[in-house]
Structure formats: structure tokens, C-alpha cells
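These notes are about the structure you will find just below.
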Amino acid sequence: MTSRDVLDCDLIVIGGGMAGMTAAARAAEAGARVVVVEKAPQIGGSAVLSGGYVWTATSQAEIDRHDDGDPALHRVVIEEYPHVMSWLRSRMDVGAPVRALYGRGQQVDMWSYMRFCTRTVEGAGGFVVPETEVSHILMEDGAVVGAITTHADGDTELRAPRILLATGGFQADPDLRAQYIHPAARGMRLRSNPNSTGGGLRLGLAAGSAVAGPNSGYYGHLLARGCPMRGDSDFVRYTQYHSIHGVLLNRRGQRFCDESFDDHASSHLTLRQPGAVALLVWDEQVQREHGVVPVVVGAEAQDRHANAMLAGCPGGVFDSLEAVGGFAQSLGYDGAACVASLQAYNELMRTAPDQAVPPRETNARPLDRGPWYVLEVDSAITFTYCGLATDDQARALDPFGAPIPGLFVAGADVGNAYRKGYAGGLALAATFAFRAMRSAGF
Ligand SMILES: Cc1cc2nc3c(=O)[nH]c(=O)nc-3n(C[C@H](O)[C@H](O)[C@H](O)COP(=O)(O)OP(=O)(O)OC[C@H]3O[C@@H](n4cnc5c(N)ncnc54)[C@H](O)[C@@H]3O)c2cc1C
């Protein structure tokens, strides 16, 4: 395409990651001519950095139990998931079913999948165009009619009656994080592709869509504070998935969450603590049974405490809770309060675990088998939960709840599908891509 070209197509997809490429391939298989506009030099987004586990909960009740996002959007994930998996299985090699968190999933090689989707789009006469952005969406009488794309070679006018926003959220934009998540989120580290800076959110708002889910959580994790973030292997190497078996203390030496709920939820709550940091403490039994065990069966086993210590992150291994307190004090925590909280926690777990405040729903055992492992942790974000108001047909909604004709949303650009919990990122992307294409008539 050269400067000032005008190109007609059936569908414009903005963002070539899991949601965008799934939707594009699905539409192309139905005979649609699709143009995928990708900002980065190559497609794939966070999907190609991911573990590739396309997983979700086994029922809507399970998602509803873990998360307080919109149940109608949870239902989309549950209803479309079997269709997504059977479609993937008939086109790709997929791994054996495995347990993932509280659900089930199968692993897909994301690079192979991206190549398959690209071939499918191009085979139907479409294009996948990297290093290109959309400056604005063209509307006539309140409906989508196309978009202007910008590329080093110049602008292009794409004419299409349907657009899918699939830019993967706004986690890479510190201002949007501060505005829509929490002021402390401005300084949060990024654990994803660097290109999801809210392009979909801005384009959607400019086209009349509303925001859904401000001040909610996000999908992220607790990482050893100050650890390197050089790429996806570092994202996994320093993520403290086993925090659900430990205790988190803030600088006042107090527990502030049910650590057993999930590491990503503890990440939101750590962000809201003084200094946006916490001390994660676990004992030798947790270290042996969880600290060195892969989070999903088949993934690489790593000693995540040792990784952090090798990288010079604040932490250590201590022979007594008093020594833990001394170390906490040296980092600026109230060391005596930390010791008191750990002793009180252990006593409650032995005698009356249901009386713990904050509660401890699961993994309710005392941390009394030394030595004790300690790391200072902070939060890193993988993708945002706040996004564009979207209905269960994957249509963008205006502030009055009316669909904007021709404008669809999928993946992390969907707002309020999750709020505090998590039931899969790749599944959220692929299921909304499927639903969007159904609604778009493909
Ligand atoms: C280390 C890591 C491990 C993970 N492991 C898993 C896992 O095993 N299972 C799981 O379910 N989830 C996992 N995830 C999360 C999962 O990768 C994401 O939830 C999923 O990729 C989101 O899909 P998406 O299409 O919304 O965004 P992405 O896949 O990130 O795609 C968004 C695309 O949009 C492009 N883009 C951004 N802005 C613009 C713009 N303005 N114009 C054009 N293009 C734009 C981006 O460059 C990117 O290519 C993991 C993520 C990471 C980082």
C-alpha cells in the first residue's frame, strides 16, 4: 500500500495479537477480506511472550466465584471456549489437557499459531500490515465506515463496515495506568509486550465508546523487587507464583490480604500498600513443595528465590522469625511488628484459622518449619482489566449502553470482563474474538 491509497475490505482488525489474529483468521476462513493493522514490527503481542496455555475455568460459576467482573462477559468466555479449542485442535498441534490455576487448558505454540493466522488472512486476499497505526476511525451516521492508517510510507484510507479493536490494553502507558487503575500504578513495572499503550481505548473513546472497569485490578504478578525485566524469560524467572502459600506484610508489619486467593490479586493489593511493596515470607516446606515447582505441569522448574538472590534483589534465608524481623527492619519495615504478625498468624493457623483477619481461605497452615525464605516484592502488570464498555456480543457500547454499529472489541481491550480475579488471558482474547466475529456475521 502506498501513500493516499484507498482500500476496501470487509473487516479492519487493529492489533495483531491473540485476539486480533484469531478474529482475522476466523473471518478470513468465512471468506472475508481482512486487513490487520499492527503497530509493532511484527505481530504476536503478549501472546508470543506467553506460556501459550489457552485455559479457563470449567464453569461460569467457578469464574463468578473467583472474580467480580461482569457475569455476562464471563459467560462469553465459558460459552465460546469449547468452540475455540475444537477450532484450534483441528488446525494446530496442541498440548495435552493440563490443570491451570483453578481451570483446565491446553498449550499452543503461539508463533506457529500466528503464522497459521497470517497465512489464512493472506489466502483470503487480506493483509497483515506491521509498523502501522490507526490515527482515527471513520464514522458516518454513528456507524463505522473505515479508518485512516499511518505508516512510514504515508497514510492509507481503509473502507470497511466493521472494525475490531484488539490492541491488548493500556498497561504500557504510565499515565493511563495512573488514571484508570491507581495513582501508584504509574510506577508499576511492565510484564508484557511494550506496545499496548491504550491505542484501542483511545480510538474507541473517540468513536463514542464508554470506559468500563476503572479502579479495578489487572492481571499481573508479584516479582522480586528490582529484578531484571529483560524479556519474557525474566517475567517468569522472578514471578513469585507461590506467594499463595506465604504471608505478605506491608511496611507497617501487617498482613493486608488473603494471600491464598491468588498471586495476581495480591499484586493489586500490594500496589495499594505504603511504598507499593511488601515482604513475602514462606518456610522451608513451602519452598520445597511450591517455591521450586513449575506453576503449570510441564513448564520449566525454577528456584525463584535463588533466581532473585542471584540478581541481587532484597531477600534472604533466615533461621528464626526474629532474624526475619531484623532483616525487615533493615529494609525500612517495622521489624517488631513483622515478627508479631508472623507469630500471631502461625498461632491462628494452629488454633483457629477461620478467625484470621484478613482471612485465609486456603493454604491455611502455620509457617513454622524453618528456615524462612524472605523476598521484598512489588507488582508488575501483564494486562489491564479496565477497558472499553463491551456487551456479550463483543460490541463496543456508548455511555448509554447502546452498541456502536460496526465497532467490536476483543481481548484485553474489553473492559470489566475481570475485576479482581483471572480466568485466562489467551482464552479471554480468543473467545471474544470468536464472539465478535459471530456478531459481525462471519
Ligand atoms: C510472560 C507472559 C506469560 C503469559 N502466559 C499466559 C498463559 O500461559 N496463558 C494465558 O491465558 N495468558 C498468558 N499471558 C497473557 C496473554 O498473553 C494475554 O492475555 C493475551 O496475549 C492478550 O491478548 P490480546 O490480543 O488482547 O493482546 P496481545 O496478544 O498483547 O496483542 C495485542 C497486539 O496489539 C498491538 N497493538 C497495540 N497497540 C496498537 C495500535 N495502536 N495499533 C495497532 N496495533 C497495536 C500490539 O503490538 C500487539 O501485537 C501471558 C502473558 C505474558 C506476558
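The values are calculated or read from the model by the stated rules, or taken from the named source; none is laboratory data. Small disclaimer: the values here were computed from a predicted structure and weren't measured. For neighbour counting, all protein chains shown are included, and Cβ atoms are generated from backbone atoms with ideal geometry for every residue, glycine included.
Quick grid of which residues meet (1) in the same structural domain as Asn346 (by TED's automatic domain parsing); (2) without any contact (Cβ under 8 Å) to a residue 40 or more places away in the chain; (3) aliphatic (A, V, I, L, M); (4) more than 30 Å from Val414 (Cβ to Cβ):
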| residue | (1), (2), (3), (4) |
| --- | --- |
| Val247 | yes, no, yes, yes |
| Arg251 | yes, no, no, yes |
| Cys257 | yes, no, no, no |
| Ser266 | yes, no, no, no |
| Leu269 | yes, yes, yes, no |
| His290 | yes, no, no, yes |
| Val293 | yes, no, yes, yes |
| Ala301 | yes, yes, yes, yes |
| Val324 | yes, no, yes, yes |
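Are any of the residues in the stretch 179-188 over 24 Å from Gly213 (Cα atoms) and either surrounded by fewer than 18 Cβ atoms within 10 Å (Cβ to Cβ) or modelled with pLDDT of 95 or more (or both)? Checked the stretch 179-188: no residue is over 24 Å from Gly213 (Cα atoms) and either surrounded by fewer than 18 Cβ atoms within 10 Å (Cβ to Cβ) or modelled with pLDDT of 95 or more (or both).
Given the condition in contact (Cβ under 8 Å) with a residue 60 or more places away in the chain, away from the ligand (no atom under 16 Å from the Cβ) and assigned to a helix (DSSP H, G or I), answer yes or no: does some residue in the stretch 186-193 qualify? The answer is yes, given that some residue of the stretch 186-193 is in contact (Cβ under 8 Å) with a residue 60 or more places away in the chain, away from the ligand (no atom under 16 Å from the Cβ) and assigned to a helix (DSSP H, G or I).
Taking Gly198 as the residue in question, decide whether it is touching a helix residue (DSSP H, G or I) at 6+ places or on another chain (Cβ under 8 Å), in the same structural domain as Lys420 (by TED's automatic domain parsing) and either within 13 Å of the ligand (Cβ to nearest atom) or on the phi > 0 side of the Ramachandran plot (or both). So Gly198 fits the description; yes.
Residues in the stretch 128-153 that are closer than 17 Å to Met21 by Cβ and part of a loop (DSSP other than H, G, I, E, B): Pro130, Glu131. If the condition is being touching an Asp or Glu at 6+ places or on another chain (Cβ under 7 Å) and surrounded by fewer than 24 Cβ atoms within 10 Å (Cβ to Cβ), then the stretch 200-220 contributes Gly208, Ala210.
Within the stretch 5-39, the set of residues being within 11 Å of the ligand (Cβ to nearest atom) and in contact with a Leu (Cβ under 6 Å, 6 or more places away or on another chain) comprises Ile12, Val13, Ile14, Met18, Ala23.
Entry remark, the stretch 128-165: residues being more than 15 Å from Lys39 (Cβ to Cβ), of a type in the set (Gly, Ala, Ser) and within 16 Å of the ligand (Cβ to nearest atom) number 2 in total.
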